[in-house]
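The values are calculated or read from the model by the stated rules, or taken from the named source; none is laboratory data. A quick note: this is a predicted structure, and the numbers were derived from the prediction, not measured. Heads up, the Cβs are rebuilt from the backbone with ideal geometry, glycines too, and the neighbour counts pull from every protein chain shown.
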Amino acid sequence: MAILVSETKVEAVQADITREQLDAIVNAANCSLLGGGGVDGAIHRAGGPAILEACRLLNGCDTGDAKITTGGRLPAKYVIHTVGPVYRDGKHGEPELLASCYRRSLEVALENGVKTVAFPAISCGVYGYPHKEAASIAVNTVKAFVQENNGLDLVRFVLFNGELFSVFEQVLDVVA
Ligand code: ADP
């Protein structure tokens, strides 16, 4: 499923984000930026120690913000590390913080000449965000950003499991 928003292709695929051959992949990191489980662990394992070395110089990252490092040995040139909110009940700023993750990641991408970028489902693992709501925020935030900003050729949501992939497909279908 792919849609064209202004001049940017926005699509969802079911795959392992560490294998994406795009300019940048986004990492769903934690505030320390010093590694974790889930997609964070997979990215550090696949990219090697250069990513962690670069992260150590960044002094962590606030929830909703994003910072960029080398992609190390990954096919992607850069990793953009963003920190999603831990979901409590949706009334503690979680929707705004999750939207900020997508927006800040795309701002950092453009600042670094990135034209193609892949996102995982931020906060949809151990951080517990309800999948339908998270997908809706992800797709709508990306759509609004690329409507307002030129320079991105491709934004790809890369979902590891089939359930999340179909949720993202459904949301893309609705906004198409
Ligand atoms: P968070 O702490 O933000 O919830 P997680 O890493 O626990 O982050 O999960 C975010 C999402 O990333 C989950 O949907 C998980 O299934 C997915 N994920 C885990 N490994 C990969 C991978 N290699 N590629 C793409 N997505 C992945």
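Pull out all pairs, ordered by first then second residue, where Cβ-Cβ is under 8 Å, the residues are six or more apart or on different chains, the first lies in the range 154-176 and is without any contact (Cβ under 8 Å) to a residue 60 or more places away in the chain and within 12 Å of Ser136 (Cα to Cα), and the second is outside any helix (DSSP H, G or I) and among the small types (Gly, Ala, Ser).
What qualifies is Leu164/Ala121.
Limited to the range 59-95, what total is found for residues that are surrounded by fewer than 22 Cβ atoms within 10 Å (Cβ to Cβ), in a loop (DSSP other than H, G, I, E, B) and in contact (Cβ under 8 Å) with a residue 12 or more places away in the chain?
Residues meeting the conditions: 13.
Among the residues in the range 38-51, are any more than 16 Å from the ligand (Cβ to nearest atom), more than 22 Å from Val167 (Cα to Cα), among the aliphatic types (A, V, I, L, M) and surrounded by 14 or more Cβ atoms within 10 Å (Cβ to Cβ)?
Within the range 38-51, one or more residues are more than 16 Å from the ligand (Cβ to nearest atom), more than 22 Å from Val167 (Cα to Cα), among the aliphatic types (A, V, I, L, M) and surrounded by 14 or more Cβ atoms within 10 Å (Cβ to Cβ).
Only residues that are modelled with pLDDT under 95, out of contact with any helix residue (DSSP H, G or I) (no Cβ under 7 Å at 6 or more places or on another chain) and within 21 Å of Ala135 (Cβ to Cβ): list them for the range 1-45, please.
Hit for the range 1-45 is Ala2, nothing else.
Could you give every pair whose Cβ atoms fall below 7 Å, whose first residue belongs to the range 31-45 and is on the phi < 0 side of the Ramachandran plot and in contact (Cβ under 8 Å) with a residue 24 or more places away in the chain, and whose second residue is assigned to a helix (DSSP H, G or I) and within 7 Å of the ligand (Cβ to nearest atom), counting only separations of at least 6 or pairs across chains?
Between residues of the range 31-45 that are on the phi < 0 side of the Ramachandran plot and in contact (Cβ under 8 Å) with a residue 24 or more places away in the chain and residues that are assigned to a helix (DSSP H, G or I) and within 7 Å of the ligand (Cβ to nearest atom), the close pairs are Val39/Ile17; Ala42/Thr18; Ile43/Thr18.
Go over the candidates Ala121, Ala144, Ala138 one by one and state the one that is surrounded by 13 or more Cβ atoms within 10 Å (Cβ to Cβ), closer than 20 Å to Met1 by Cβ, without any contact (Cβ under 8 Å) to a residue 24 or more places away in the chain and among the aliphatic types (A, V, I, L, M).
Result: Ala144 is the single residue among Ala121, Ala144, Ala138 that is surrounded by 13 or more Cβ atoms within 10 Å (Cβ to Cβ), closer than 20 Å to Met1 by Cβ, without any contact (Cβ under 8 Å) to a residue 24 or more places away in the chain and among the aliphatic types (A, V, I, L, M).
Taking the conditions exactly as written (more than 10 Å from the ligand (Cβ to nearest atom), touching a residue at least 40 places away in the same chain (Cβ under 8 Å), farther than 21 Å from Glu163 by Cβ and in contact with a Leu (Cβ under 7 Å, 6 or more places away or on another chain)), does Lys9 satisfy them or not?
yes
Which residues, taken from the range 111-135, are away from the ligand (no atom under 15 Å from the Cβ) and out of contact with any Gly (no Cβ under 9 Å at 6 or more places or on another chain)?
Across the range 111-135, the qualifying residues are Glu111, Asn112, Thr116.
Does Leu98 satisfy being touching a helix residue (DSSP H, G or I) at 6+ places or on another chain (Cβ under 9 Å) and either of a type outside the set (Val, Ile, Thr) or surrounded by fewer than 19 Cβ atoms within 10 Å (Cβ to Cβ) (or both)?
Yes: the conditions hold for Leu98.
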